[in-house]
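Okay, structure first, notes after.
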């Protein structure tokens, strides 16, 4: 049936569905967070096979009257591929659940990304989203600062240790599995190096993974003094405090994982100039290794992640994700004319810069 504006009801119903799905997408995030809080992935893993809903309910445990609600929660999560559902072999009326590659990333013992889900669904970190429209209409660096009366993320986490721990856990868990993939699947980025400095290395997890995989590489974590002051002593990794805007300890390679997307183009140029000063010439093996997102349109699902992340950076830190031509401009302005892009880590790319 045609409407007066030429659109059919079918097209309007499709649009109506899209509007509803987008506006109700919070149900997906919060249901996923609920599954993390209840430890459902670990329970199914411990069960050792398809876990009937009734056994899952007893294992959590939940009051018997909540079992129908648990069924609805699991139905939604299974529809999004978080868990797999199949008929229970012992009961035709019951459904059993299994892990999927998605939920395997939520297991406590393994590549656990649960902290990333928790931080993105925490009320304190969700609050700035409600100030996004207001931020567009007034002065203010980020919606986060509008929401918290001028305080930035680092101010708030410094005041509230529980948020600081949550934030650090989220960044660490998300970084660790990416770096693990690099050292196991793409060791060529580290082979032949004698020294490496992980700039903004935080807890030192990345540097430790590189040091464990490549014992001949002298690894150093370089971060703000108050950050490295909390790191435990390690035989594998050195810790140096300072500012990457002033100077960076010399090494064969400088490693920057998800650092530059926090900063403006101008600040990125400043950081990369300090990196260039810290590494030897290309002929002597010097390079800068960047792990960050490069927005492209080749893979729609990955592009969707890039664009979501870009808005998250705008909301929280005033940073941004960049397209390849935007990265090239920064590199050239920092004095790097020789570089290569390697889109090999899912949503992340490895970029090597040669002085």
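The values are calculated or read from the model by the stated rules, or taken from the named source; none is laboratory data. Because the structure is a prediction, the values reported are computed rather than measured. Note: ideal-geometry Cβ built from the backbone for every residue, glycine included; neighbour counts use all protein chains shown.
General observations
- Considering residues of region 318-330 that are surrounded by 18 or more Cβ atoms within 10 Å (Cβ to Cβ) and either under 17 Å from residue 257 (Cβ atoms) or free of Cβ contacts under 8 Å to residues at least 24 places away in the same chain (or both) only, the residue farthest from the chain's Cα centre (by Cα): 330
- Evaluated against (1) part of a helix (DSSP H, G or I); (2) modelled with pLDDT of 90 or more, residue 169 falls short on exactly one condition, (2).
- Residue in region 77-96 that is surrounded by the fewest Cβ atoms within 10 Å (Cβ to Cβ), counting only those that are in contact (Cβ under 8 Å) with a residue 24 or more places away in the chain and over 18 Å from residue 33 (Cα atoms): 90
- Selection count, region 242-264, where residues are in contact with a strand residue (DSSP E or B) (Cβ under 7 Å, 6 or more places away or on another chain), outside any loop (DSSP other than H, G, I, E, B) and surrounded by fewer than 20 Cβ atoms within 10 Å (Cβ to Cβ): 1
- Scope region 312-333; condition under 15 Å from residue 145 (Cα atoms) and part of a helix (DSSP H, G or I); matching residues: 312, 313, 314, 315, 316
- The listed residue being under 21 Å from residue 118 (Cβ atoms) and either surrounded by 11 or more Cβ atoms within 10 Å (Cβ to Cβ) or touching a strand residue (DSSP E or B) at 6+ places or on another chain (Cβ under 6 Å) (or both), out of 51, 74: 74
- Qualifying residues in region 136-166 (those that are assigned to a helix (DSSP H, G or I), in contact with a helix residue (DSSP H, G or I) (Cβ under 6 Å, 6 or more places away or on another chain) and without any contact (Cβ under 8 Å) to a residue 12 or more places away in the chain) - the one nearest to residue 203 (Cα to Cα): 164
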